[in-house]
Amino acid sequence: VATTGSGYVAVLASVPRSEQSRMTALKQFADMQQKYGSVLAGKTPDVAEANLGTKGNYHRLVVGPPGSRNQAATLCSQLKSQGFNDCWVTSY
């Protein structure tokens, strides 16, 4: 994963890279904003590329702004408490 060195972000989705994968990831964020608006209010979505070796390239839906590992983990915890379990933290 190419990182900017500006901190950590929560990853909400990872989709195999294709012509539409970037838009697919951003659409997932829009859908999630409606469902988890209280947690995602004021958050900024971005799409980061990840090369997973033999698995290929993926586009990851990440949510910032980038901050501490603890801030990103807190966001994941808040989402998990509302039933969304596919969240993890990565450097950005």
Next on the checklist: Whether any residue in the stretch 17-34 is in contact (Cβ under 8 Å) with a residue 40 or more places away in the chain and not in a helix (DSSP H, G or I) is what I want to check.
Outcome noted: yes
Checklist entry - So which of Val47, Val11 ends up being under 17 Å from Tyr92 (Cβ atoms), outside any loop (DSSP other than H, G, I, E, B), in contact (Cβ under 8 Å) with a residue 60 or more places away in the chain and not polar (S, T, N, Q)? => result Val11
Checklist entry - So which pairs qualify, if the first residue must be in the stretch 77-92 and under 18 Å from Pro65 (Cβ atoms), the second must be in a loop (DSSP other than H, G, I, E, B) and hydrophobic (A, V, I, L, M, F, W, C), the Cβ gap must be under 7 Å, and the two must be at least 6 apart or on different chains? => result Leu79/Cys87; Thr90/Val1
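From the list Gly42, Gly53, which one is closer than 27 Å to Ser81 by Cα and over 13 Å from the mean Cα position of the chain (by Cα)? Don't jump to the end; show me each part of the working.
Numbers: Gly53 fails: closer than 27 Å to Ser81 by Cα.
That would be Gly42, the only listed residue that is closer than 27 Å to Ser81 by Cα and over 13 Å from the mean Cα position of the chain (by Cα).
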Item to check | Residue among Thr54, Thr44, Thr74 that is open to solvent by 70 Å² or more (accessible area, probe 1.4 Å) and either among the acidic types (Asp, Glu) or more than 21 Å from Leu26 (Cβ to Cβ) (or both) | outcome: Thr54
Item to check | Out of Gly7, Gly64, sole residue that is touching a Gly at 6+ places or on another chain (Cβ under 6 Å), surrounded by 15 or more Cβ atoms within 10 Å (Cβ to Cβ) and at pLDDT below 95 | outcome: Gly7
Checklist entry - Taking Tyr58 and the conditions (1) farther than 23 Å from Gly7 by Cα; (2) not in a loop (DSSP other than H, G, I, E, B), which numbered condition does it fall short on, given that it satisfies the others? => result (1)
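The values are calculated or read from the model by the stated rules, or taken from the named source; none is laboratory data. Owing to the predicted nature of the structure, the values given are computational and were not obtained by experimental measurement. Don't worry about glycine lacking a Cβ; one is built from the backbone with ideal geometry, like all the others, and counts go over all protein chains shown. Remember, those area values only see protein heavy atoms, side chains included, never the ligands or the DNA or RNA. Shrake-Rupley method; radii C 1.70, N 1.55, O 1.52, S 1.80 Å.
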